[in-house]
Amino acid sequence: MVVNYVEIAVKEIMEKLIEDYGYCKCEICKARALAMTLNDIEPQYVLTDAEFLAAKASFVRPDNYAKLLSITMDSLRKVNESINHDIQLMAMKNIAV
């Protein structure tokens with residue numbers, strides 16, 4: 001199965017940041033921040049366990065982790081500065097149709 005390792009890493013970082021900094025925990029805000037973050041980062045698709053471990057190891061490097069952390073935090077901040085759950089929910093329902 002093809003997996004974007006960056007998405008997995010961003011979700012892990014995002015959960016920690018939400019807990020540590022008190023960002024909105026609702027699924028709408030988390031989905032919006034995830035989408036914003038993933039749009040700003042090059043994906044890293046993997047297929048095998050070895051590729052997955054190599055991708056994971058690349059994000060252990062401080063410079064790569066710091067970049068991912070910074071972009072994720074910026075997305076969470078932007079979403080939390082403009083929370084409007086009703087409008088976001090309507091937009092998500094329109095996209096899903």
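Residue by residue, here is whether (1) over 17 Å from N4 (Cα atoms); (2) touching a Leu at 6+ places or on another chain (Cβ under 6 Å); (3) at pLDDT 90 or above holds:
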{"site": "D49", "(1), (2), (3)": "no, no, yes"}
{"site": "A54", "(1), (2), (3)": "no, no, yes"}
{"site": "S58", "(1), (2), (3)": "no, no, yes"}
{"site": "A66", "(1), (2), (3)": "yes, no, yes"}
{"site": "D74", "(1), (2), (3)": "yes, no, yes"}
{"site": "I87", "(1), (2), (3)": "yes, no, no"}
If a residue has to be basic (K, R) and either in contact (Cβ under 8 Å) with a residue 40 or more places away in the chain or exposed (fewer than 10 other Cβ atoms within 10 Å of the Cβ) (or both) to count, how many in region 43-62 make the cut?
1
Requiring at least 2 residues that are closer than 13 Å to D74 by Cα and under 11 Å from the mean Cα position of the chain (by Cα), the helices (runs of 4 or more DSSP H) wholly within region 1-59 are 5-21, 27-39
Quick one: E27 ticks every box in (1) modelled with pLDDT of 95 or more; (2) under 22 Å from V3 (Cβ atoms); (3) not β-branched (V, I, T) except a single one, so which number is it?
(1)
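The values are calculated or read from the model by the stated rules, or taken from the named source; none is laboratory data. Owing to the predicted nature of the structure, the values given are computational and were not obtained by experimental measurement. Counting neighbours? That spans all protein chains shown, and the Cβs are built from the backbone with ideal geometry, glycine included.
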